[in-house]
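The values are calculated or read from the model by the stated rules, or taken from the named source; none is laboratory data. Since the model is a prediction, treat every value here as computed from it, not as a measurement. Virtual Cβ from ideal backbone geometry, glycine too; neighbours counted across all protein chains shown. For accessibility, only protein heavy atoms count, side chains too; no ligands or nucleic acids. Shrake-Rupley method; radii C 1.70, N 1.55, O 1.52, S 1.80 Å.
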Amino acid sequence: MFARYRNALAARLAPGSFPQTPPPWAANVPPPGFSTVPLTDNVLLHLTDGRSFKSTRGRKALLGSAQLDAFEEACKSASADTVHLLASGVVFEARNGETWLNCAAEHDRLLALADDYRILILSGDVHHNNITQYPTPRGRLLFEATASGAAVCTAVTLGALQCNWGLLDIDADRITVQVFQDGQDPRPETIDRQSWRWVPQPAVA
């Protein structure tokens, strides 16, 4: 199913690209691995495979060096002002659960890449929404938007349906990030694409 979803996304969700029913499991399906989908001018969506190359429950390897090498090469090959949306199955940092912090080498490598490139992580898996930033060693910012999950309940499978989801609105100058939860008003945050900093939000009356 993961591979079929990736194929459909690469086809930009063209009619018929996604199966109406789950395909049968097959042992010979190769790992999806890393791929890049151009979205618009100077915006790239980088899809990662957080399952196939994980080692020691993510402590020795989360994505693995081959995927991170491919991501770094894609960043180097793009123009300097390109926005890189990095899809990740786990959050970058959190107080509990699985995170990039479990694998210090890959965590630090991604943070170092954010010193040179405009990176916004799109993550999930933690059953809540969040928009945050992380300072890099040279004072730039790595951004993260988390929305998880659309069908999760208060206690994962029990309680009220949360309907967590996110939306990016990207234009030539800014990226507006919104995360939604049933019954709550979204709190949009905006990133200036040139300075790669938050745009100050107007005070709420």
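Out of all the residues in the range 150-164, which are buried (at least 18 other Cβ atoms within 10 Å of the Cβ) and small (Gly, Ala, Ser)?
none
So how many residues does the range 42-58 have that are loosely packed, with under 13 Cβ neighbours inside 10 Å and assigned to a loop (DSSP other than H, G, I, E, B)?
Final tally of qualifying residues: 1.
Of the numbered conditions (1) among the aliphatic types (A, V, I, L, M); (2) open to solvent by less than 40 Å² (accessible area, probe 1.4 Å); (3) at pLDDT below 80, Met1 fails exactly one; give the number of that condition.
The one condition Met1 does not meet is (2).
Using the structure shown, decide if Arg57 is on the phi > 0 side of the Ramachandran plot and among the charged types (D, E, K, R). Reasoning before the result, please.
Values: on the phi > 0 side of the Ramachandran plot: yes; among the charged types (D, E, K, R): yes.
Yes.
Is it true that some residue in the range 140-149 is more than 23 Å from Tyr117 (Cβ to Cβ) and either small (Gly, Ala, Ser) or surrounded by 14 or more Cβ atoms within 10 Å (Cβ to Cβ) (or both)?
yes
Could you pull out the residue among Leu68, Leu39, Leu120 that is buried (at least 18 other Cβ atoms within 10 Å of the Cβ) and in contact with a strand residue (DSSP E or B) (Cβ under 7 Å, 6 or more places away or on another chain)?
It is Leu120.
For the condition among the β-branched types (Val, Ile, Thr) and over 23 Å from Trp196 (Cβ atoms), what is the one hit in Thr99, Thr48, Thr56?
Working: Thr99 fails: over 23 Å from Trp196 (Cβ atoms); Thr48 fails: over 23 Å from Trp196 (Cβ atoms).
Sole residue among the options that is among the β-branched types (Val, Ile, Thr) and over 23 Å from Trp196 (Cβ atoms): Thr56.
Take the residues in the range 71-83 that are touching a residue at least 24 places away in the same chain (Cβ under 8 Å) and outside any loop (DSSP other than H, G, I, E, B); name whichever of them is surrounded by the fewest Cβ atoms within 10 Å (Cβ to Cβ).
Applying the filter and picking the extreme gives Glu72.
Name the residues in the range 114-133 that are touching a helix residue (DSSP H, G or I) at 6+ places or on another chain (Cβ under 6 Å) and aliphatic (A, V, I, L, M), would you? Give the derivation first.
Filtering the range 114-133 for residues touching a helix residue (DSSP H, G or I) at 6+ places or on another chain (Cβ under 6 Å) gives 117.
Selection gives nothing.
Output the residues belonging to the range 75-97 that are farther than 16 Å from Ala147 by Cβ, touching a Lys or Arg at 6+ places or on another chain (Cβ under 8 Å) and not polar (S, T, N, Q).
Within the range 75-97, Asp81, Val83, His84 qualify.
Yes or no, residue by residue, for (1) in a strand (DSSP E or B); (2) open to solvent by 80 Å² or more (accessible area, probe 1.4 Å); (3) modelled with pLDDT of 95 or more:
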{"position": "Gly166", "(1), (2), (3)": "yes, no, no"}
{"position": "Val177", "(1), (2), (3)": "yes, no, yes"}
{"position": "Phe180", "(1), (2), (3)": "yes, no, no"}
{"position": "Pro186", "(1), (2), (3)": "no, no, no"}
{"position": "Thr190", "(1), (2), (3)": "yes, no, yes"}
{"position": "Pro200", "(1), (2), (3)": "no, yes, no"}
{"position": "Val204", "(1), (2), (3)": "no, yes, no"}
